[in-house]
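Asks: One structure follows; several queries about it will come next.
The values are calculated or read from the model by the stated rules, or taken from the named source; none is laboratory data. Please read these numbers as outputs of a predicted model, since none were measured by experiment. Every residue, glycine among them, receives a Cβ derived from its backbone with ideal geometry; neighbour counts consider all protein chains shown.
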């Protein structure tokens, strides 16, 4: 889990408590109209302003009256005390289920958390933490942050926050976020138990603005090949990307691998700006189409991009969605990049965030987006059957789509052509030009248990702390050659796993062993080199991970194809 600033899913644009035991009648009576104002008067604003018409106003007015009447009857006459706030939130959520899978309502707390995922930073203490055995461990203090300045170290156990216990019982990530985050300039006192110490120590930390980053890595693979990995499209993504691209070009990059795997999306304009860095002239990048022309928009290339010439390979998978599909779709339609990997998620709906009067938020789908060739990437859905929609990735697995290219069943009626005449399909994500199956050779039940018990991360943290002084004197090349997780150390990991109740399975262990070694080494590298990393990048971590990344290794062999595609010599689909 990433620190007191977690950025997991980006619910951005192109896709991005009350007392339950006692409710005072007079307070509830006051709140009901306000809540209805959020749910329905706000709906009237949306209905009138966005869609217009007297008929819409009349329909909403009738619904408002009925809803208010029912809520008041429940509040005044129902046999048990109820929380009307919860009832309203629930009813809104159920109402939206009758629409598309991506229109959503969030209460004020969830709305703040969702917006934070796309912002350029947060106020906190600057640590990456992990919850293990109902104890909060510091994985690493963020370089240059207030926790590092105060002397917090990897492996520290956070026992208390401002004298309130933070250990024992079931601890939720949300509770840790709430305890550690706070307004910039405010103090928080942590009670820390450090390995080897018998008594805990208190640290007073002044919260500060902690920047968050979306470009995970940007480095040279060899003398001419660059690599950039983007984890989401947030406020700062385009600026980070431009800086990374310029840096790689200055180092002699003439061909690039851009990694959008497991990137769930974010801001549409950041996506089109990045696509524009690769596409010349004034070509179409994406267009949107809504109920009427208010939300219809065409976005064209308009800048002289930094990398409009040069072989380009883009990696996608089933976790690549929304803004990731805008980028890969535009590059594919204009034959500018070879798209490699597996079929993307399939989200082609655009949401408009509407902040309601109490701080809650409605993410309302207002249009569909289309790639330059006219493809809608949105996969099929049936309103009200969200469960089936969410099972799509599971069904892909059962069909064998992650392992066999021919298992991808595109709709022949949704056939389109790229600029160069290659056939591409709409209606369910971006199908790659070159299919790379998921590597499952190392995936075992034993490995899953190691992750579940946090054995690998704990082992890496202990290895780092035991060898930190020696490791921090090394360059990355020296580190890569010197650090080898040997059999003796692996045996120690197995013993620790056994002591935690994980039954040893020799066959599964042998399948996963090399992968485990790589993961440990990568986590150690991340911790050791974090202080020297620039712009939040974890280049050393990803350089080591790449050694056992089958998709990455196979993609390295595709630049000849990408070069042919760019120069018009590849006018047909290849697997």
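Asks: Tell me which residues, restricted to the range 508-541, are buried (at least 19 other Cβ atoms within 10 Å of the Cβ), more than 19 Å from residue 465 (Cβ to Cβ) and at pLDDT below 95.
Replies: 537
Asks: Mind counting the residues in the range 219-252 that are assigned to a strand (DSSP E or B) and either outside the structural domain of residue 277 (by TED's automatic domain parsing) or over 21 Å from residue 526 (Cα atoms) (or both)?
Replies: The total comes to 2.
Asks: Name the one entry in 143, 150, 104 that is under 22 Å from residue 187 (Cα atoms), outside the structural domain of residue 385 (by TED's automatic domain parsing) and surrounded by 15 or more Cβ atoms within 10 Å (Cβ to Cβ).
Replies: Going through 143, 150, 104 in turn, just one is under 22 Å from residue 187 (Cα atoms), outside the structural domain of residue 385 (by TED's automatic domain parsing) and surrounded by 15 or more Cβ atoms within 10 Å (Cβ to Cβ): 150.
Asks: Continuing with the same structure: Does residue 568 qualify as being at pLDDT below 95, assigned to a loop (DSSP other than H, G, I, E, B) and either crowded, with 21+ Cβ neighbours inside 10 Å or touching a helix residue (DSSP H, G or I) at 6+ places or on another chain (Cβ under 9 Å) (or both)?
Replies: Against the criterion (at pLDDT below 95, assigned to a loop (DSSP other than H, G, I, E, B) and either crowded, with 21+ Cβ neighbours inside 10 Å or touching a helix residue (DSSP H, G or I) at 6+ places or on another chain (Cβ under 9 Å) (or both)), residue 568 does not qualify.
Asks: Right, here's the next one. Name every residue in the range 104-117 that is out of contact with any helix residue (DSSP H, G or I) (no Cβ under 9 Å at 6 or more places or on another chain) and more than 16 Å from residue 173 (Cα to Cα), in order of residue number.
Replies: Those that are out of contact with any helix residue (DSSP H, G or I) (no Cβ under 9 Å at 6 or more places or on another chain) and more than 16 Å from residue 173 (Cα to Cα): 108, 111, 115.
Asks: Okay, moving on. Of the residues in the range 359-406, how many are touching a helix residue (DSSP H, G or I) at 6+ places or on another chain (Cβ under 6 Å) and either surrounded by fewer than 16 Cβ atoms within 10 Å (Cβ to Cβ) or outside the structural domain of residue 289 (by TED's automatic domain parsing) (or both)?
Replies: Here the count works out to 3.
Asks: Out of the residues in the range 80-97 that are more than 30 Å from the chain's Cα centre (by Cα) and assigned to a loop (DSSP other than H, G, I, E, B), which is nearest to residue 363 (Cα to Cα)?
Replies: Residue satisfying both the conditions and the ranking: 83.
Asks: For the range 258-295, which residues satisfy the criterion of being within 18 Å of the chain's Cα centre (by Cα), part of a strand (DSSP E or B) and modelled with pLDDT of 95 or more?
Replies: Selection gives 258, 259.
Asks: Can you pull out the residues in the range 407-431 that are farther than 20 Å from residue 262 by Cβ, part of a loop (DSSP other than H, G, I, E, B) and out of contact with any helix residue (DSSP H, G or I) (no Cβ under 8 Å at 6 or more places or on another chain)?
Replies: Answer for the range 407-431, where residues must be farther than 20 Å from residue 262 by Cβ, part of a loop (DSSP other than H, G, I, E, B) and out of contact with any helix residue (DSSP H, G or I) (no Cβ under 8 Å at 6 or more places or on another chain): 410, 411, 412, 413, 414, 421, 422, 426, 427.
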